[in-house]
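Read the structure below first, then the notes.
The values are calculated or read from the model by the stated rules, or taken from the named source; none is laboratory data. All figures in this text were calculated on a predicted structure; none of them were measured in a lab. Quick reminder, even Gly has a Cβ in these numbers, built from the backbone with ideal geometry, and neighbours come from all protein chains shown. Accessible surface is based on the protein model in full, side chains and every heavy atom, while ligands, DNA and RNA are left aside. Shrake-Rupley method; radii C 1.70, N 1.55, O 1.52, S 1.80 Å.
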Amino acid sequence: MYNYIVMRTGVFFNENYFTDGGSKIGYIKTKLTDAGISCKNVSAAGELDGLDILIVLGGDGTILNLASECARRGIKIIGINYGHVGFLAEFEPEKLDEAVKLVCEGNYSTQSRSMLEIICGENKFLALNELVIQRNTSGNNFSNTVNLSAKINGATVDNFSSDGIIVSTPTGSTAYSLSAGGSVLTPDINAFILTPICAHSLHSRPIVFSDESVLEIEPLKTRESLVMIVDGRLMGTVSKGERLTVKKSQYTVEFIVKKEENFFNKLFLKLNKWSR
């Protein structure tokens with residue numbers, strides 16, 4: 001028996017992963033409706049208003065597409081992995097029934113994930129995974145090694161000569177930062193990690209720092225604009241003299257997880273899958 005409660009859910013999925021996406025969505029909506037829970041298709045951020053839970057079918061990129069918008073609205077996310085690795089997804093495709101049952105019964109735990117707030121001029125961005133500032137590889141704007149100054153709470157960390165730097169949350173520490181040699185941070189740690197990309201100095205190493213700190217990044221000695229990427233999406237460029245401020249956001253992303261969730265078990269399974 002289900003506990004009938006007023007709840008509004010949405011389903012967002014990556015069409016690239018499905019040949020029968022419609023049937024899966026129909027199945028989910030039928031199960032939720034039978035449990036007295038309203039459900040609708042979501043295809044864009046503007047359709048999130050009023051939801052309590054967003055069910056996402058796809059890979060990590062699919063979840064990242066709407067994660068910041070869910071955070072702003074206080075919407076919980078439950079991910080079902082139809083991508084490759086799927087660190088952000090709680091369930092694999094064969095556990096779809098279990099995921100839907102969890103939502104229907106409300107018998108789940110939630111896990112809060114911290115986010116970055118990135119300020120560049122008049123623009124503000126949120127990142128669940130990471131901010132990347134890197135050399136430009138486009139046409140006439142092509143640049144080689146870049147020089148970036150990084151300061152934490154006003155103190156110089158390093159002047160990085162590299163292909164760029166990654167600033168990552170604990171959630172993003174298992175993504176690009178890990179590929180670049182950064183450490184894995186557990187989701188409950190109150191820290192961020194700064195990871196240089198292909199540093200041209202042996203002393204330049206990943207640095208873990210408190211998420212209560214304020215990080216400032218400024219391009220040095222560069223003629224071309226650098227590329228700014230937030231959660232895998234190109235957001236613009238940064239020129240010499242421009243300064244980025246990075247700090248912990250007031251928003252968090254709430255993920256629905258199984259009550260017996262164990263981060264290290266998940267990490268072991270996902271890293272083994274990734275290495276195949």
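Assorted remarks:
- For the chain, the 222 nm mean residue ellipticity estimated from helices alone, with every DSSP H stretch of n ≥ 4 adding -39500 (n - 2.57) and the total spread over all residues, rounds to -6000 deg cm²/dmol.
- Near-label residues of the range 181-219 by backbone N, under 18 Å of a point 7 Å along Cα→Cβ of Lys247: 190-193, 209-218
- Structure note, pairs Lys40/Lys247; Lys40/Lys95; Lys76/Lys151; Lys124/Lys240; Lys31/Lys247; Lys29/Lys124: Cα-Cα distances above 30 angstrom occur for Lys40/Lys247; Lys76/Lys151; Lys31/Lys247; Lys29/Lys124.
- Magnitude of the charge dipole, the range 171-239, Cβ model with Lys/Arg +1 and Asp/Glu -1, debye to 20: 340 debye
- For the range 246-253, 3J(HN,Hα) per residue [Karplus equation, 6.51 cos²θ - 1.76 cosθ + 1.60, θ = phi - 60°, Hz, x = Gly/Pro]: 10, 8, 6, 7, 6, 8, 10, 9
- Accessible carbon and sulfur surface of the chain relative to its total accessible area, %, 1.4 Å: 47 percent
- GluC sites (Glu not before Pro) within the range 145-249, DSSP loop, no more than 11 other Cβ atoms inside 10 Å: Glu212
- In this structure the amide hydrogen of Met115, modeled in the peptide plane, comes within under 5 Å of the amide hydrogens of Ser249, none closer than 5 places in sequence on its chain.
- Mean accessible surface per residue for the range 77-126, computed with a 1.4 Å probe while every protein chain stays in place, in Å²: 40 Å²
- Per residue, the convex hull spanned by the alpha carbons of the range 206-262 comes to 158 Å³.
- The Cα-based radius of gyration and maximum Cα-Cα distance (Dmax) for the range 126-182 are 12.7, 36 Å.
- Euclidean distance between Cα centres, the range 208-240 to the range 64-81, Å: 24 Å
- Antiparallel content of DSSP bridges confined to the chain, in %, to 5: 75 percent
- Accessible area of the range 194-276 divided out per residue, in Å², using a probe of 1.4 angstrom: 60 Å²
- Which label in [x] 7, 30, 37, 21, 5, 0; [y] 6, 28, 31, 21, 10, 3, 0; [z] 6, 27, 28, 20, 15, 4, 0 gives the computed P(r) over Cα pairs in 10 Å bins from 0, in percent: [y]
- For the range 52-58, the Karplus equation 6.51 cos²θ - 1.76 cosθ + 1.60, evaluated at θ = phi - 60°, returns couplings of 9, 9, 10, 8, 10, 10, x Hz by residue, with Gly and Pro reported as x.
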